[in-house]
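Engineer: Submitted below is the structure of interest, expressed as structure tokens.
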Amino acid sequence: MTYVPCTNLLLKMGNIRFPHLHIELKNVPMSFNIFGFSIALYGVIIAIGMIAGYSVAQWQAKRTGQDPELYLDFAMYAIILSVIGARIYYVIFSWDGYKDDLVQILNIRGGGLAIYGGIITAVLTAYVYSKKKKISFALLADTGCAGLVTGQIIGRWGNFFNREAFGSYTNNLLAMQLRLDEVSQSAVANDPAYLKNLKVINGVEYIQVHPTFLYESLWNIGVLVILILMTKRKKFDGELILLYLALYGLGRSLIEGLRTDQLLLWNTNIAVSQLLSILLTVVCAGIIIYKLVMIKKNTKAED
């Protein structure tokens, strides 16, 4: 790597356009240099999301009369383990890309984190942590899920800077145009409509796509608002984490169908995240309905 004595050199800059909104973002960087070391903006965005997520979880703890410091301790474990879990999940369902070069499994800088791996690991970590501290797992999960979805809201913008996790060709109002030479050519190959509808602007070739990162970020803002509003209205501990999983799963099941870079179940064309999302929505919604019906029955019996 060539040493560059500069602390603010932006690298790999290109324009990102939203033509129907008449928005053109010029020279959007993917990374920047500090003393010759390249730092991906994706990683910076993820870090900001983690900090914001912890802050929201701590705020939720204060709102519900819990010890906020408990969540700092929990976050130290959950953040580290969730990144590992997100990587493991991605590698499992992308094994063909790693089986011949196992060292690349450790190369997170090369991309490859799957949010569901992080969610699964965070929930498991919360369970183990609650047992160790002898506190309610359901209450811990209810409090932490608002922080988790906050991290997702911000973290998805890492995909924007990375020019990845976009959807198929579209000409809708929110259509996004990315430079052809800045996106993964394997992702482009998954949808012939990209090249069929290629746009050439000032001599530069652009593909036009669904900005699925934006769809999911906006959906998750709605999920966060609902969780905050329901915090003091919930009927039982565990309701918020179930609500989060059901709502996030619903949105993800719809948005995942638009993407061209899906992780697939082995030897099938089934998108694993879409299948998991549908299962989460059905199961978690079913549990919530069952619990609320039982609470209503018990209340009537007491009366």
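Engineer: Charges at C-beta only: +1 for Lys and Arg, -1 for Asp and Glu. How large is the resulting dipole of the chain about its Cα centre, in Debye rounded to 20?
Structural biologist: Values: 27 positive and 20 negative charges, 161 e Å.
With only Lys, Arg, Asp and Glu charged at Cβ, the dipole is about 780 debye.
Engineer: Give me the net charge for the shell around residue 204: Cβ to Cβ below 11 angstrom, other residues only, Lys and Arg +1, Asp and Glu -1.
Structural biologist: Charge balance in the 11 Å sphere: 0.
Engineer: Give me the net charge for the shell around residue 64: Cβ to Cβ below 11 angstrom, other residues only, Lys and Arg +1, Asp and Glu -1.
Structural biologist: Working: positive: 62, 63, 232, 234; negative: 67, 142, 237.
Surrounding charge for residue 64 is +1.
Engineer: How would you classify the stretch 26-126 from its alpha-carbon gyration tensor, with a ≥ b ≥ c the square roots of the eigenvalues: rounded for a/c under 1.5, else prolate if a/b is greater than b/c, otherwise oblate? Intermediate results must be reported in sequence, preceding the final value.
Structural biologist: Details: a/c = 2.76, a/b = 1.42, b/c = 1.94.
In terms of gyration-tensor shape, oblate.
Engineer: I'd like the Karplus ³J(HN,Hα) series for the stretch 233-250: coefficients 6.51, -1.76, 1.60, θ = phi - 60°, whole numbers in Hz, and an x wherever there's a Gly or Pro.
Structural biologist: These are the phi-based 3J(HN,Hα) values: 10, 5, 9, 7, 5, x, 5, 5, 5, 5, 5, 4, 5, 5, 6, 4, x, 4 Hz.
Engineer: Which residues does the label zone of residue 24 cover in the stretch 184-207, counting backbone N under 15 Å from a point 7 Å along Cα→Cβ?
Structural biologist: Output list for this probe position: 199-207.
Engineer: Now, a different point. Would you compute, from DSSP H runs of 4+ residues alone, the mean residue ellipticity of the chain at 222 nm, taking -39500 (n - 2.57) per run and dividing by the full residue count, rounded to the nearest 500?
Structural biologist: Details: 9 runs with 170 residues, N = 303.
Calculated mean residue ellipticity at 222 nm is -19000 deg cm²/dmol.
Engineer: Next question. Would you mind checking which residues have amide H under 5 Å from residue 28's amide H? H placed 1.01 Å from N; only 5 or more apart, or other chain.
Structural biologist: 14, 15, 16
Engineer: Additional query: Multiply the residue separation of residue 292 and residue 84 by 0.36 nm, subtract the distance between their alpha-carbon atoms, and state the gained length in nm to one decimal.
Structural biologist: Here the answer is 71.3 nm.
Engineer: Out of 89, 45, 139, whose Cα points farthest toward the positive end of the dipole of the chain (charges: +1 Lys, Arg; -1 Asp, Glu; placed on Cβ)?
Structural biologist: 139
Engineer: Continuing with this model, one more query. From the backbone phi of the stretch 29-42, what are the Karplus-calculated ³J(HN,Hα) couplings (6.51 cos²θ - 1.76 cosθ + 1.60, θ = phi - 60°) in whole Hz, Gly and Pro given as x?
Structural biologist: Karplus values, whole Hz, x for Gly and Pro: x, 9, 7, 9, 9, 10, 6, x, 9, 7, 10, 6, 5, 3.
Engineer: Listed highest first by mean packing, meaning other Cβ atoms within 10 Å per residue, what order do 283-293, 170-180 come in?
Structural biologist: Numbers: 283-293: 14.1, 170-180: 16.3.
Put in order of decreasing packing, that is 170-180, 283-293.
Engineer: Rounded to the nearest 10 degrees, what's the angle between the helix 115-133 long axis and the longest principal axis of the chain, both from Cα atoms, 0 to 90?
Structural biologist: With rounding to tens, the tilt is 30 degrees.
Engineer: Give me the net charge of residue 275's neighbourhood, meaning all other residues with Cβ under 15 Å from the Cβ of residue 275; Lys, Arg count +1, Asp, Glu -1.
Structural biologist: +1
Engineer: Follow-up question, since we're still on this one. Which entries in the list 26/62; 62/131; 232/300 go over 31 Å, if you measure between the two C-alpha atoms of each? List each step's numbers first, then the result.
Structural biologist: Working: 26/62 42 Å; 62/131 21 Å; 232/300 22 Å.
Cα-Cα > 31 Å for 26/62; rest within.
Engineer: Helix 137-162 sits at what angle to the longest principal axis of the chain, using alpha carbons and giving 0 to 90 degrees rounded to 10?
Structural biologist: Tilt of helix 137-162: around 10 degrees.
Engineer: In whole Å, what are the Cα extents of the chain along the three principal axes, biggest one first?
Structural biologist: 75, 42, 42
Engineer: For the chain, what's the relative contact order in percent, using C-alpha pairs closer than 8 Å and at least 6 residues apart?
Structural biologist: Relative contact order for the chain comes out at 17 percent.
Engineer: Further question: Per-residue HN-Hα couplings for the stretch 200-215, Karplus 6.51 cos²θ - 1.76 cosθ + 1.60 at θ = phi - 60°, whole Hz, x for Gly and Pro?
Structural biologist: Residue by residue, the stretch 200-215 yields 10, 10, 6, x, 10, 8, 10, 9, 10, 9, 6, x, 5, 4, 5, 4 Hz.
Every number in this text was worked out from the coordinates using simple rules, so none of it is lab data. In this text, all values refer to a predicted model and were calculated from it rather than measured experimentally. For neighbour counting, all protein chains shown are included, and Cβ atoms are generated from backbone atoms with ideal geometry for every residue, glycine included.
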